[in-house]
Amino acid sequence: MKKKLTGRIIPVLVVLIALPAPAREKLKVVTTLPDLSYIAQQIGGDKVETFAIAKGYQDPHFVDAKPSFVLKLKRADVFVQIGLDLEIGWVRPLLETARSSKIYFGGKGYVDASSGINLLEVPSGDAAQLRAKGDIHVFGNPHYWLDPRNGKGVAQNILAKFVALSPNAAAYFQKNYDNFVAKIDSAYAGWKEKMQPYAGAKIVAYHNSWPYFEKAFNLDIVAFIEPKPGIPPTPSHLVSVIKKINQENIKVIIISPYFDDKPAKSIAKRTGATVVKIAPSVQAWPNLKTYFDLFDFNLTKIITALE
């Protein structure tokens, strides 16, 4: 009896040994913004699958916390956010509902993409007092991804997490990171050259989303349509913006697609300036599929309006 059983088992073992090892499951990566998702995919390649909670055309301060997002987070190995209070109103409720210690703040799968970034507009003073005055960005302006050079810092933070979670793929992730950095450096050199004739050009913005973009491309944002971030403009403030545009012959007003453009259009009508809707994120419009598309699009729109 034992002999017969052995004769049956050996061929089965041979078949099992001959079968290929099951493919290692991809890291599941959830990000707040599509910009982060794009960068994570560039570093992770075919060893990750990514999902962005916010859409590129949405105001990242205000995103509905849908139950489907909770399910994504429960299954995630990695969670990446911009941080600096940008998503404060909706990230914490989602993470607390998901109840995954792995991706919760400080968890082994949590990534604050702002780590190591050279931040602008960092206020001084007590955080609680600043919030009480309405300044929610108490750690600095959070729109740092709009300087493409900061995309390299974001990529480095993501790389470190991927390597920690999948050390066997470290060389693969590093190669992808190096390729991404080289591509950013090359693209940025081209963008700077493209913008050189417009260096120091004065523009007006609706909201204070653009200091990193302004610095990266040597623009000069001289006024905002909002008197303070998040505060709708009063008639007297609009008059002051109109006066400044006329005095300094400013040609461009930039605005993100999720803001009401009526005040900007009213100012343009009275000054001759051009209202330019530019992209705050990847996928703000269907044709903006990559981080590089974002800057190509925005710079082309601004140059066209300046000429």
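Find the Cα radius of gyration of the stretch 199-306, compare it with 2.2 N^0.38 Å by division, and give the number to two decimals. Provide the component values of the computation, followed by the final result.
Numbers: Rg = 13.3 Å, N = 108, 2.2 N^0.38 = 13.0 Å.
In units of the globular-protein estimate, the stretch 199-306 measures up at 1.02.
Past 31 Å, Cα to Cα: identify those pairs from LYS55/LYS183; LYS215/LYS265; LYS215/LYS244; LYS26/LYS215, in the order given.
On the way: LYS55/LYS183 25 Å; LYS215/LYS265 26 Å; LYS215/LYS244 21 Å; LYS26/LYS215 37 Å.
The pairs that break the limit, which is 31 Å between Cα atoms, are LYS26/LYS215.
Here are a few candidate values for volume of the Cα convex hull per residue in Å³: (1) 142; (2) 167; (3) 150. Which one was actually calculated from the structure I just gave you?
Derived directly from the coordinates: (2).
Using r as the Cβ-Cβ distance of LYS74 and ASN246, and R0 as 45 Å, what FRET efficiency do you calculate, to the nearest 0.05? Please report the intermediate quantities before stating the final value.
On the way: r = 55 Å, r/R0 = 1.22.
E(calc), rounded to 0.05, equals 0.25.
Hey, which aspartates and glutamates would be in cross-link range of LYS202, C-alpha to C-alpha under 19 Å, not counting anything within fewer than 8 residues on its own chain?
ASP147, GLU193, GLU214, ASP220, GLU226, GLU248, GLU307
When the dipole is taken about the Cα centre of the chain, and only Lys, Arg (+1) and Asp, Glu (-1) are charged at their Cβ, what size is it in debye, to the nearest 20?
Working: 39 positive and 27 negative charges, 284 e Å.
Using Cβ point charges on Lys, Arg, Asp and Glu, the chain gives about 1360 debye.
Bear in mind these aren't lab numbers, they're just calculated from the coordinates by the rules spelled out. The shown structure was predicted, so the numbers you read here are calculated from the model rather than taken from an experiment. Positions of Cβ are backbone-derived with ideal geometry, glycine not excepted, and every protein chain shown enters the neighbour counts.
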